[in-house]
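Participant: Before we start, here is the structure in question, set down as structure tokens.
The values are calculated or read from the model by the stated rules, or taken from the named source; none is laboratory data. Just so it is clear, the structure is predicted and the values come from calculations on it, not from any experiment. Reconstructed Cβ throughout: ideal geometry from the backbone, glycine too, with neighbour counts over all protein chains shown.
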Amino acid sequence: MNGMIRKFFLALVLAAVVLSSACFSGEKTASEPNTVKAEIVEPEPVEEPVPSAPPADRSVYDGVEQKIAQCLNDGTEYAVFLAYPQKSTETFIYNSNQMRAASMIKVFIMATVMEKVKLGEISLDEVLTMDYNNMVGGAGVIAGYGAGATFKLRSVLEHMIAYSDNTATNMIIDRIGKATVNEYLQRNGYTDTFLGRKMMEYAGQDNYSSVRDLGNFFLRLYHYDCLGEEYDKIMLDFLVKQTDTDCFPAALPGVQIAHKTGALDGLYDDGGIIYSPKGHAILVIMTENYTGGEYNTIQHMKAFTRAVIK
């Protein structure tokens, strides 16, 4: 009997040891908190879409071609550049052919000189002396002073633009050289424009440009993107003083206009910046082989100018 009790007691102790071993074997019980930390995964960066530029507004040019047909349909070859810089970054061009530049070439000669002024290579106070080699007729008054007369460069530039003075222009060409002007033109993307001769000189190549080149020049000038505000304002001051008021100013009396005109046998041009209260505009109109004479051509150009300044 005692032996049986002893066996039972040993079996009980053995069971207790096995149970204790199971409880402390390192396995988690349901009551233990989960101490395993979750892995933090950084989200992939989301690339924000690059906003696209708003579509160019060409609606401002609706009806322009119809107005060309109405106003500039007399058999003359017309070319037109039109931009509304306050309304659209787009431009309108009708007929981008290279055409004789007449005195419109003078705005590019002016820009070439002003670049040299900015670079310190020339001073507006430099004195130029007129001689027989650059004295010519046509537009202007400087030739009346006679050979040997002296003028500051600033004054010569102003006469070249405001009075379209041919002698003043020739004095400047003699000072800087035709090659310098043509290099400026190519470097700045005016690929339709070429200075081939001095004013009133009929030997050699002619001078050429296009409404595209002239329009882009005036557009850059409007934004002070030619040579910077300081020097562009000087050029604008010369252009505002334009004394030929037969076309744009006559069409828009009382409106400030910085512009240049040009005329030769068979052509009349006007182009520049129109600071209309209705909205600023860059407008260039060139002609070739006009059919009804200069007066009638200007009347058609005036009608078109009034139609597109809005």
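Participant: Would you tally the residues in segment 195-227 being touching a helix residue (DSSP H, G or I) at 6+ places or on another chain (Cβ under 7 Å) and either part of a helix (DSSP H, G or I) or in contact (Cβ under 8 Å) with a residue 24 or more places away in the chain (or both)?
Facilitator: Final tally of qualifying residues: 11.
Participant: Out of the residues in segment 298-310 that are within 23 Å of the chain's Cα centre (by Cα) and surrounded by 17 or more Cβ atoms within 10 Å (Cβ to Cβ), state the one that is nearest to residue 199 (Cα to Cα).
Facilitator: Filtering first and then ranking leaves 305.
Participant: Since residue 257 meets every condition but one in (1) closer than 27 Å to residue 77 by Cα; (2) in contact with a Lys or Arg (Cβ under 8 Å, 6 or more places away or on another chain); (3) at pLDDT 95 or above; (4) of a type outside the set (D, E, K, R), which condition does it not meet?
Facilitator: Of everything listed in (1) closer than 27 Å to residue 77 by Cα; (2) in contact with a Lys or Arg (Cβ under 8 Å, 6 or more places away or on another chain); (3) at pLDDT 95 or above; (4) of a type outside the set (D, E, K, R), residue 257 misses just condition (2).
Participant: Within segment 266-287, how many residues turn out to be surrounded by fewer than 18 Cβ atoms within 10 Å (Cβ to Cβ), charged (D, E, K, R) and modelled with pLDDT of 95 or more?
Facilitator: Here the count works out to 0.
Participant: Condition check: outside any loop (DSSP other than H, G, I, E, B), modelled with pLDDT under 95 and closer than 30 Å to residue 293 by Cβ. Does residue 138 satisfy that?
Facilitator: no
Participant: Can you give me the ranges of the strands (runs of 3 or more DSSP E) entirely in segment 242-297 with at least 1 residues that are within 20 Å of the chain's Cα centre (by Cα) and aromatic (Phe, Trp, Tyr)?
Facilitator: Counting at least 1 such residues, we get 267-276.
Participant: Scanning for something under 29 Å from residue 125 (Cβ atoms) and in contact with a helix residue (DSSP H, G or I) (Cβ under 7 Å, 6 or more places away or on another chain), does segment 267-290 turn up at least one residue?
Facilitator: yes
Participant: Please work out which one of (1) surrounded by fewer than 20 Cβ atoms within 10 Å (Cβ to Cβ); (2) within 25 Å of residue 119 (Cα to Cα) is the condition residue 243 fails and give its number.
Facilitator: So the condition that residue 243 fails would be (2).
Participant: Quick one: residue 95 ticks every box in (1) at positive phi; (2) modelled with pLDDT under 95 bar one, so which box is it?
Facilitator: Every condition holds for residue 95 apart from (2).
Participant: Only one of these conditions is not met by residue 192: (1) farther than 24 Å from residue 275 by Cα; (2) touching a strand residue (DSSP E or B) at 6+ places or on another chain (Cβ under 9 Å); (3) in a helix (DSSP H, G or I). Which number is it?
Facilitator: The one condition residue 192 does not meet is (3).
Participant: What is the residue count in segment 60-85 for residues that are farther than 22 Å from residue 268 by Cβ and of a type in the set (Gly, Ala, Ser)?
Facilitator: 1
Participant: So, one more: Report whether or not residue 202 is modelled with pLDDT under 95, over 22 Å from residue 95 (Cβ atoms) and of a type in the set (Phe, Trp, Tyr).
Facilitator: Judged against the criteria, residue 202 is a match.
Participant: Moving to a separate point now. How about segment 144-164: which of its residues are modelled with pLDDT under 95 and either in a helix (DSSP H, G or I) or surrounded by 22 or more Cβ atoms within 10 Å (Cβ to Cβ) (or both)?
Facilitator: The answer is 144, 145.
Participant: Under the condition of being without any contact (Cβ under 8 Å) to a residue 40 or more places away in the chain and among the acidic types (Asp, Glu), which residue from segment 60-116 is nearest to residue 222 (Cα to Cα)?
Facilitator: 90
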